[in-house]
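Have a look at the structure below, then the notes.
FYI, it's all coordinate maths here, none of it is from the lab. For clarity, every value in this text was computed on a predicted model and none was experimentally measured. Heads up, the Cβs are rebuilt from the backbone with ideal geometry, glycines too, and the neighbour counts pull from every protein chain shown.
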Ligand SMILES: Cc1cc2nc3c(=O)[nH]c(=O)nc-3n(C[C@H](O)[C@H](O)[C@H](O)COP(=O)(O)OP(=O)(O)OC[C@H]3O[C@@H](n4cnc5c(N)ncnc54)[C@H](O)[C@@H]3O)c2cc1C
């Protein structure tokens with residue numbers, strides 16, 4: 001471990017280097033349009049998106065790279081689609097372990113199994129299991145190529161933000177190995193994680209429920225014949241925890257999770273003997289494995305009341321936290337970045353009013369509520385906290401072995417799905433016969449198109465998708481196509497044709513059976529935050 | 001507008017009540033509670049309609 005890092009690094013990617021901004025005696029602090037505090041997955045994705053759009057972005061991170069240990073593992077289809085738009089989806093899918101089947105056990109019995117993506121015709125798989133440090137490394141590598149292609153992104157390692165004033169412009173104090181310096185910025189995005197020092201500097205609330213339970217993670221390396229599926233046990237027969245989870249990672253590593261309960265001695269439970277005793281009971285005698293990483297975590301479901309405070313916007317774990325059931329942490333944080341990138345770019349360029357950023361807060365606060373609701377419900381099922389809730393939980397499990405209706409109630413985590421934005425920006429639906437899943441506000445589902453896929457063609461700009469009709473001349477990018485079975489099912493429904501206005505984050509802004517240039521132009525300016 | 005039936009609806013209320021008691025015979029307290037929980041879940045699913053469920057929950061509360 002290099003001196004001075006808070007935690008051991010898995011990858012040292014942005015070593016400290018003195019910047020010219022630190023040598024300004026006269027003339028005041030250097031000014032940047034956008035400063036991102038924190039180079040976790042969310043800050044990196046946001047900086048990449050902004051930089052690719054040409055908006056200069058400075059990332060300040062208090063470490064020099066990526067912390068060890070796996071943390072996030074399951075990256076959802078939507079995250080992979082966003083990564084693909086940003087140009088780093090391919091390595092994530094290539095390195096990641098693809099899975100879509102889950103099995104749920106109670107004691108010794110298989111209760112049921114599920115398949116996450118029964119539908120064909122999507123470029124991205126339902127999920128990949130990829131250790132978080134790898135995902136972050138791919139983002140940094142992509143940022144490096146973007147920089148060499150001219151994207152105005154800079155990452156400064158070992159630059160810790162220690163003070164922030166929400167003046168106009170915002171003023172930041174930064175600590176480095178060479179001492180402190182100051183910066184100013186038009187906008188600051190706090191992506192500084194669950195303990196968010198920025199949130200504390202501004203003395204902001206962070207409310208919600210803390211769950212009284214401990215989970216032990218053991219990442220083990222072994223040659224095993226388990227299939228590539230998510231296996232979850234309630235009250236497992238091997239008694240290593242109140243629940244258990246087994247999941248495959250790349251390079252013969254397996255993620256194992258045990259629910260330990262509340263009153264435990266954390267230090268004792270992390271001793272190698274205790275961890276091995278639990279893993280042995282699960283895997284059976286004589287299975288040879290290495291312990292790669294172990295940790296005990298607790299969790300909370302909470303969020304900030306407002307994600308925007310003047311020039312400071314909060315994203316990722318800094319703004320909201322969920323339990324790990326459902327893999328909604330990093331996945332929802334990446335969606336924050338996806339939502340904010342294009343808006344901040346337009347506002348910084350003067351192409352949209354500052355109030356467009358309020359829609360970031362509105363849309364992602366609602367999404368956080370959805371994620372918190374789903375993850376709280378999963379947690380209440382997995383770790384029942386009252387006699388009555390345990391009784392109904394056990395009754396559901398008992399019935400699930402025999403009756404399909406009860407299987408639908410068994411909740412071992414409802415895996416991350418993108419939110420539909422029912423916000424100011426989404427126009428009233430003018431295609432009533434269209435599928436509800438693609439109504440205004442919805443994320444675009446992928447579909448095969450030509451020799452590739454629809455989402456690749458939609459890109460990162462406002463785009464008109466014209467299916468079976470002509471797109472009016474508006475200056476917007478156009479993807480015109482004839483109906484295919486997938487496009488019909490996903491975008492037309494009973495309508496013979498459809499014209500979709502797609503936002504730069506590939507959510508639907510508006511849709512019509514067909515529309516003239518004036519209608520489209522009005523919808524476009526509405527989706528850019530025009531208030532008239 | 002109540003759609004949940006709260007007026008007599010069983011052809012033979014005494015017999016139905018007796019069957020419910022019979023089902024609990026020889027169950028200890030914990031087993032009875034677990035049985036009731038399973039029964040509630042089964043009936044709740046049969047009910048189906050979320051509004052009816054709300055009305056039933058309300059009727060049981062007061
Ligand atoms: C056990 C576990 C399992 C998980 N599994 C999943 C999963 O399967 N799928 C999923 O989607 N999510 C999962 N998560 C959640 C996921 O890890 C987080 O949601 C994700 O890391 C949040 O990313 P972030 O960029 O918001 O914050 P972080 O990753 O916490 O990054 C914050 C960054 O800010 C920097 N920083 C902090 N303070 C300062 C400062 N003052 N100045 C400068 N820089 C600063 C830090 O060094 C860090 O680099 C899991 C979490 C845990 C604990």
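Beyond 40 Å, how much of the Cα-Cα pair distribution for the protein assembly as shown remains, as a whole percent?
In whole percent, the share of Cα-Cα pairs in the protein assembly as shown beyond 40 Å is 35.
Mind checking the mean number of beta-carbon atoms from other chains within 10 Å of the Cβ atoms in B:34-47?
Whole-number average of other-chain Cβ neighbours for B:34-47 is 4.
Peptide A:178-185: average number of partner chain Cβ atoms within 10 Å per residue?
For this peptide, the per-residue mean of nearby foreign Cβ atoms is 0.
Quick check: the distance between the Cα centres of segment B:1-45 and segment A:411-460, to the nearest angstrom?
Value for the Cα centre distance between the two parts: 45 Å.
Please figure out what share of the DSSP beta bridges in segment A:405-532 is antiparallel and state it in percent, rounded to the nearest 5. Intermediate results must be reported in sequence, preceding the final value.
Details: 12 of 17 bridges.
That works out to approximately 70 percent antiparallel.
If one computes the Cα centroid of segment A:487-526 and of segment A:187-244, what distance in Å separates the two points?
39 Å
Report relative contact order for chain A in percent, whole number only (criteria: Cα-Cα under 8 Å, sequence separation at least 6).
Working: 1156 pairs, mean separation 76.4, N = 532.
For chain A, the relative contact order is 14 percent.
Once you treat every alpha carbon in segment A:271-343 as an equal point and sum by Debye, what is log10 I(q)/I(0) at q = 0.12, 0.19, 0.21, 0.26 Å⁻¹?
Those come out to -0.55, -0.84, -0.93, -1.18, one per q.
Please state, as a whole number in µm²/s, the translational diffusion coefficient that the Stokes-Einstein equation yields for chain B at 20 °C and 1.002 mPa s, with Rh defined as the Kirkwood radius across alpha carbon pairs. Write out the running numbers ahead of the final one.
Details: Rh = 13.4 Å.
For the chosen part, D equals 160 µm²/s.
Can you give the Kirkwood hydrodynamic radius of segment A:91-238 from its Cα pairs, in Å with one decimal?
On the way: mean 1/r = 0.0485 Å⁻¹.
About 20.6 Å for segment A:91-238.
Over the whole of A:390-402, what's the average partner chain Cβ count within 10 Å per residue? Rounded to a whole number, please.
Numbers: counts 1, 7, 5, 1, 3, 10, 3, 0, 4, 5, 1, 0, 0.
The per-residue average across the peptide is 3.
Over the Cα atoms, compute the radius of gyration (one decimal) and Dmax (the largest Cα-Cα distance, rounded to a whole number) for segment A:182-337, in Å.
19.0, 60
With both bridge residues required to lie in chain A, what share of the DSSP beta bridges run antiparallel, to the nearest 5%?
On the way: 72 of 100 bridges.
Roughly 70 percent of the beta bridges in chain A run antiparallel, per DSSP.
Contact order normalised by length for segment A:231-329, with contacts defined as Cα pairs under 8 Å and 6 or more residues apart; what percent is it?
Value for segment A:231-329: 17 percent.
Take the alpha carbon atoms of segment A:31-73, find their center, do the same for segment A:88-156, and report the distance between the two centers in whole angstrom.
19 Å
Only Cα pairs under 8 Å and at least 6 apart count here; give the relative contact order of segment A:436-527 as a rounded whole percent.
The value is 32 percent.
Using every alpha carbon pair in segment A:436-527, what percent of pairs falls into each 10 Å bin from 0 up to the bin containing the largest distance?
Histogramming segment A:436-527 at 10 Å steps yields 18, 58, 23, 1 percent.
Rounded to two decimals, what ratio of Rg to Rh does segment A:74-148 give with C-alpha atoms and a Kirkwood Rh?
1.11
Given the DSSP H assignment, sum -39500 (n - 2.57) over each helix run of at least 4 residues in chain A and divide by its residue total; what's the result at 222 nm in deg cm²/dmol, nearest 500?
Working: 13 runs with 149 residues, N = 532.
Theoretical 222 nm ellipticity from helices: -8500 deg cm²/dmol.
Can you give the Kirkwood hydrodynamic radius of segment A:172-213 from its Cα pairs, in Å with one decimal?
The Cα-based Kirkwood calculation yields 12.9 Å.
When ranked by the protection proxy of mean other Cβ atoms within 10 Å per residue, highest first, what sequence do the peptides A:471-478, A:191-198 form?
Per-residue mean Cβ counts within 10 Å order the peptides as A:191-198, A:471-478.
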